[in-house]
Amino acid sequence: FFFFGSSAVRRKMQAARLSEDGRLIVNEVPIPQPGPGWARLQILQAGICNTDLELRRGYKGGFSGTLGHEFVARVHAVNPSPEAVPHVAVGQRVVAEINCVPGGCGCRGYHERAQHPARSALGIFGADGGFAEYLIVPIENIHLVPESLTDDQAMFAEPLAAACQITQQVHVRASQKCAVLGTGKLGVLISQVLAHAGCAVTAAGRREVNFEFLQARGITTALAPALLAQKALFDIVVDCTGSEEGFATALALTRPTGTLVLKSTFAGKTSADLTQVVVNEITLVGSRCGPFSMALSLLDRGAKSGGAGVGVVVDGLITHRFPLGEANAALDAAALKDSIKVAIRVATE
């Protein structure tokens, strides 16, 4: 092992764990030890996303453990496997992919890890997440954070990677009209990614949430009911509403032979008019985790440009901040209508 900091002699840490009644309770638990090919990360800051809220409501059949899959951290301990030289070193600032697979499984990249049948997902199922002082991840999941990025900016790497995945699955052309349904945490990122790809983007919501932020990025905004009333149609529609009703609205906005990308995950079930999908020959694309390298590059360019229309900008999206000891209050705040991104500060440095 290669250690950083003082927890080589510590045995316990603080972690916010989801209880059966849906509360986050901060408990003292053992500090995790990385096996061969894994590293321990010291969490600096973590973000709350809609999936965390849905896990509280019973998504994935209920999860008992430490929540949190959006985070920025420092490498604290490295336990390299005998056959590989690690690309990270103790003390480096990093982010990490959430899908963990058994060693030697032969996965060739993030997408194969994301769909491996034996995977676990940090803070979602099978593995503890980042609402804790430390967590362990496979070394291959780790990505170095550019020096240009603050912790606030780097914390958005995971959701931005998920936004970037759309461009890996769908051929986005400059001549296409795209609609992003939902202007919350994920919608503002997806809108910027698609705009960066060159297409004409309309971001639509039920309320004018984040409209001013999106307009400052040169992105057209509209109320979803108004688009439906106008019978507007788009080549590509992305549903990131996080609601059961989102699919029907997104389907109504997708032109015949168009593409509907599904980004929402929630505890409920969707009632879908699949006949319309068949008759209009609409392509449905499920989209989940994405390329961290692309996300970090877009964040880096956005930070260096100072918001001048280059890359992706996330400054101003954090609306609430809490220490780890107030993680349950942070989860409550993330459910508020005026909330965009809630940050949990873990490290005191």
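The values are calculated or read from the model by the stated rules, or taken from the named source; none is laboratory data. Keep in mind the model is a prediction, meaning the values are calculated, not measured. Note: ideal-geometry Cβ built from the backbone for every residue, glycine included; neighbour counts use all protein chains shown. In case anyone asks, the SASA skips ligands and DNA or RNA and just uses the protein heavy atoms, side chains included. Shrake-Rupley method; radii C 1.70, N 1.55, O 1.52, S 1.80 Å.
Of all residues in region 79-89, none satisfies being part of a helix (DSSP H, G or I) and either surrounded by 15 or more Cβ atoms within 10 Å (Cβ to Cβ) or not polar (S, T, N, Q) (or both). Against the definition (at pLDDT 95 or above and under 24 Å from L336 (Cβ atoms)), how does L260 come out, yes or no? Answer is no for this residue.
Within region 215-249, the residues that satisfy the criterion of being within 25 Å of T51 (Cα to Cα) and touching a Cys at 6+ places or on another chain (Cβ under 9 Å) are I236, V237, V238, G246. One residue stands out among those in region 249-271 that are within 26 Å of C164 (Cα to Cα) and small (G, A, S): the one that is surrounded by the fewest Cβ atoms within 10 Å (Cβ to Cβ), which is G268. Looking for something part of a loop (DSSP other than H, G, I, E, B), free of Cβ contacts under 8 Å to residues at least 60 places away in the same chain, within 17 Å of V170 (Cβ to Cβ) and open to solvent by 70 Å² or more (accessible area, probe 1.4 Å) - is there at least one such residue anywhere in region 241-248? Among the residues of region 241-248, not one is part of a loop (DSSP other than H, G, I, E, B), free of Cβ contacts under 8 Å to residues at least 60 places away in the same chain, within 17 Å of V170 (Cβ to Cβ) and open to solvent by 70 Å² or more (accessible area, probe 1.4 Å), which makes the answer no.
When you scan region 313-331, do you find a residue that is among the small types (G, A, S), in contact (Cβ under 8 Å) with a residue 24 or more places away in the chain and in contact with a Cys (Cβ under 8 Å, 6 or more places away or on another chain), even just one? The answer is no; no qualifying residue exists.
Run D300 past the list (1) touching a residue at least 24 places away in the same chain (Cβ under 8 Å); (2) touching a Lys or Arg at 6+ places or on another chain (Cβ under 9 Å) and report the number of the one that doesn't hold. Status for D300: all satisfied but (2). Within the option set L194, L228, being in contact (Cβ under 8 Å) with a residue 24 or more places away in the chain, surrounded by 21 or more Cβ atoms within 10 Å (Cβ to Cβ) and either in contact with a Phe, Trp or Tyr (Cβ under 9 Å, 6 or more places away or on another chain) or not in a strand (DSSP E or B) (or both) holds for one residue only, L194. List every residue pair whose Cβ atoms lie under 7 Å apart, where the two residues are 6 or more positions apart in sequence or sit on different chains, the first residue falls within region 332-349 and is of a type in the set (S, T, N, Q), and the second residue, located anywhere, is surrounded by 13 or more Cβ atoms within 10 Å (Cβ to Cβ). The qualifying pairs are S339/T319; S339/H320; S339/A333. Being touching a Leu at 6+ places or on another chain (Cβ under 8 Å) and not in a loop (DSSP other than H, G, I, E, B) is the filter; apply it to region 331-340 and report the residue that is nearest to E212 (Cα to Cα). Step by step, filter region 331-340, then rank; the result is A334. D300 fulfils the conditions (1) in a helix (DSSP H, G or I); (2) closer than 30 Å to V145 by Cα; (3) open to solvent by 40 Å² or more (accessible area, probe 1.4 Å) except for a single criterion, (3).
Please tell me if L336 is aliphatic (A, V, I, L, M), open to solvent by 60 Å² or more (accessible area, probe 1.4 Å) and either in contact with a Cys (Cβ under 9 Å, 6 or more places away or on another chain) or over 30 Å from R113 (Cβ atoms) (or both). Considered against the rule, which asks whether it is aliphatic (A, V, I, L, M), open to solvent by 60 Å² or more (accessible area, probe 1.4 Å) and either in contact with a Cys (Cβ under 9 Å, 6 or more places away or on another chain) or over 30 Å from R113 (Cβ atoms) (or both), L336 comes out as yes. Taking region 197-225 as the range and being among the aliphatic types (A, V, I, L, M) and either assigned to a loop (DSSP other than H, G, I, E, B) or open to solvent by 40 Å² or more (accessible area, probe 1.4 Å) (or both) as the test, the residues that pass are A197, A200, V209, A216, I219, L223.
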